[in-house]
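Scroll down for the structure; my scribbles are underneath it.
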Amino acid sequence: MVSPFAGGEWKIHVELPEQYPYRSPSIGFVNKIFHPNIDELSGSVCLDVINQTWSPMFDLLNIFESFMPQLLRYPNPTDPLNGEAAALLMRDSAAYEGKVKEYVLRYANKKMAKKAHASKKMVNGAADRAADVSDDELNSDDEISGDDSDISSLHSYGSHSDDALAAGRMSE
């Protein structure tokens, strides 16, 4: 099964609190994505492990190699941040997939990802804290393993080059 997010590329905002890893990072999509658990306007992500059950045992690799790909593959319409996406997914999954694909074409191509990057500003010193993340934790060439086709690319941004904080490719 090919994901409706196949071929998309999103910029991801990662803010590490001073208490990281004892306190969860703030994760958000910069360019638009149509998903029940991602707020369309702010890009905030509703993910239990980030918002409620965070543990210092988790790290950014867990988020981008496991948690985020699972969220894209298996949205939870019963706990939505985007009510329209949740209702459409529950009511008409084919129409939901069509709208996701439309958003991917419109907002999740390389040109739009770069435009989204240029239009957002880092806040609360997140770029400085992100610089403290080791290269092993956040490697632009990391590929998330999987069996099916590529479903998206996620990239972080900040005061570094686009490639310096890339979160990796996600494969289904």
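Readers should treat all values here as calculations from the given coordinates under stated rules, not as data from a laboratory. All values reported here derive from a predicted model rather than from experimental measurement. Virtual Cβ from ideal backbone geometry, glycine too; neighbours counted across all protein chains shown.
A few remarks follow.
- Point-to-point label distance, Asp79-Val49, nm (Cα→Cβ direction, 7 Å offset): 1.2 nm
- Net length available on complete extension from Phe67 to Met1 is 21.9 nm, with 0.36 nm assigned per residue and the Cα-Cα distance removed.
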